[in-house]
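Worksheet: the structure to be examined is printed underneath.
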Amino acid sequence: MTLDLFGPPAAGIDTTPPWREDIAVGAVLLRRYALDGMADLLTALAAVTAAAPFRHLATPGGYDMSVAMTNCGALGWVTDRHGYRYAPRDPASGLPWPAMPPAFARLAREAAAAAGFAGFEPDACLINRYAPGARMGLHQDKNERDMGQPIVTVSLGLPATFLFGGPRREDRAQRLPVTHGDVVAWGGPARLYFHGVLPVKDGHHPQLGPQRISLTFRKAG
Ligand SMILES: O=C(O)CCC(=O)C(=O)O
Ligand SMILES: [Fe+2]
């Protein structure tokens with residue numbers, strides 16, 4: 001008989017230990033990697049989004065994105081009628097973006113190292129909020145200066161389907177179900193691979209409610 005010394009986990013809290021799945025050469029899915037330290041991560045997230053609230057940005061073509069965004073770190077990714085770029089200040093407030101919380105930086109660095117990208121020191125964290133129905137079409141991340149640096153994306157809240165394609169838009173994309181605490185890291189030969197997120201389905205996450213939030217860490221400058 002085994003003694004249950006600590007009782008059952010709180011209702012709805014995932015206690016699955018992490019595991020790793022290879023997606024492509026240079027691309028790794030670190031399942032449940034961010035569950036350890038989640039409380040600190042969510043506390044830091046709340047502070048960042050209070051200082052720099054989510055907003056719907058317009059694409060250069062003039063369409064409002066379905067995903068709401070904010071940033072932290074020295075540089076923030078923004079889009080407007082003039083194009084996509086990194087900016088040191090929040091255009092909504094004129095203030096510098098909130099500093100990268102230590103819990104964010106540590107997670108990004110450790111996840112990158114676990115995926116084979118040692119020495120990753122991100123200066124930008126784009127925070128995307130997907131209400132049910134919100135999506136992100138297939139795209140490449142190519143506004144960063146050094147393509148030798150990887151990308152680390154942390155999934156929080158509602159589950160979603162992460163699309164991971166190849167170097168060309170028409171390459172068949174893998175459909176990867178991602179859930180709270182999962183981390184996707186890609187770089188090296190996969191750094192410019194197309195990726196996206198299918199429309200998020202209705203639901204309610206025990207900690208984050210009716211939304212998916214992703215943290216995307218990059219070295220932009
Ligand atoms: O939300 C995600 O998981 C992906 C985000 C992404 O690809 C981006 O912001 O460039
Ligand atoms: Fe992206």
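The values are calculated or read from the model by the stated rules, or taken from the named source; none is laboratory data. What you see is a predicted model; the values in this text were computed from it and never measured. Note: ideal-geometry Cβ built from the backbone for every residue, glycine included; neighbour counts use all protein chains shown.
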(request) Go through segment 114-138 and give me each residue that's in a loop (DSSP other than H, G, I, E, B), more than 10 Å from ligand 1 (Cβ to nearest atom) and farther than 23 Å from residue 25 by Cα. (result) 123, 131, 132, 133
(message) Being surrounded by fewer than 19 Cβ atoms within 10 Å (Cβ to Cβ), under 17 Å from the mean Cα position of the chain (by Cα) and touching a residue at least 60 places away in the same chain (Cβ under 8 Å) is true for just one of 187, 196, 133, 166. Which residue is that?
(response) 196
(request) List every residue pair whose Cβ atoms sit under 8 Å apart, with the two residues 6 or more apart in sequence or on different chains, where the first one lies in segment 1-22 and is at pLDDT 80 or above and the second, anywhere, is of a type in the set (Phe, Trp, Tyr). (result) 18/33
(message) Checking the conditions here, which among 155, 93 is out of contact with any strand residue (DSSP E or B) (no Cβ under 8 Å at 6 or more places or on another chain), polar (S, T, N, Q) and either surrounded by 13 or more Cβ atoms within 10 Å (Cβ to Cβ) or in a loop (DSSP other than H, G, I, E, B) (or both)?
(response) 93
(message) Within segment 11-87, considering only strands (runs of 3 or more DSSP E) that don't extend past its boundaries, which have at least 1 residues that are closer than 20 Å to residue 176 by Cα?
(response) 19-24, 27-31
